[in-house]
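**Student:** I am attaching a structure below and will ask some questions about it afterwards.
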Amino acid sequence: MGAINGAAVGIGATMTLPMDFRFASEKARIGFVFGRLGITPEACSTWFLPRIVGLEQALEWMYSAAIFDGRRGPRQETGTGGLRAGQAAREACAFARTLVTDARRSASR
């Protein structure tokens, strides 16, 4: 689980891809900018991103090297976004607690 409250560009974005859940604040900036830098994508982003958002969308984001903010960016596919600044970490922790609490209840039945 990850919370993005600021810049997640390049490795900052790709390190969140293997996470099961991603929460982004409205101040988040997310981008796969490898093409702009003239380098190849790293950290298995070419494996993870197409599996999360589909091949066509992944290619568009990689080729365009666009940087999205937390309100309008890839949150629909890669996580929960548009949270007020500073709320992403709190929301991620609260969500994690519900997973643990619900799992304990299920296990005790």
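**Student:** If we keep just the residues of the stretch 1-57 that are without any contact (Cβ under 8 Å) to a residue 24 or more places away in the chain, among the small types (Gly, Ala, Ser) and assigned to a loop (DSSP other than H, G, I, E, B), which is farthest from Thr98 (Cα to Cα)?
**Tutor:** Gly38
**Student:** Related question: Given the condition modelled with pLDDT of 85 or more, exposed (fewer than 12 other Cβ atoms within 10 Å of the Cβ) and either over 17 Å from Gly10 (Cα atoms) or not basic (Lys, Arg) (or both), answer yes or no: does some residue in the stretch 27-34 qualify?
**Tutor:** no
**Student:** As an exercise: evaluate Arg51 against (1) modelled with pLDDT of 85 or more; (2) surrounded by 13 or more Cβ atoms within 10 Å (Cβ to Cβ) and give the number of the one condition it does not meet.
**Tutor:** (2)
**Student:** Could you give every pair whose Cβ atoms fall below 7 Å, whose first residue belongs to the stretch 67-90 and is within 13 Å of Gly2 (Cβ to Cβ), and whose second residue is part of a loop (DSSP other than H, G, I, E, B) and at pLDDT below 60, counting only separations of at least 6 or pairs across chains?
**Tutor:** Qualifying pairs under 7 Å: Gly81/Gly73.
**Student:** Further question on the same structure: If you scan the stretch 58-89, which residues turn out to be in a helix (DSSP H, G or I), at pLDDT below 85 and open to solvent by 50 Å² or more (accessible area, probe 1.4 Å)?
**Tutor:** Selection gives Arg75, Gln76, Glu77.
**Student:** Ok, one more. Is one or more of the residues making up the stretch 3-23 of a type in the set (Val, Ile, Thr), touching a Ser or Thr at 6+ places or on another chain (Cβ under 9 Å) and at pLDDT below 85?
**Tutor:** no
The values are calculated or read from the model by the stated rules, or taken from the named source; none is laboratory data. Treat the numbers as computed from the prediction; the structure is a model and nothing was measured. Positions of Cβ are backbone-derived with ideal geometry, glycine not excepted, and every protein chain shown enters the neighbour counts. With ligands, DNA and RNA removed, areas are computed over all heavy atoms of the protein, side chains included. Shrake-Rupley method; radii C 1.70, N 1.55, O 1.52, S 1.80 Å.
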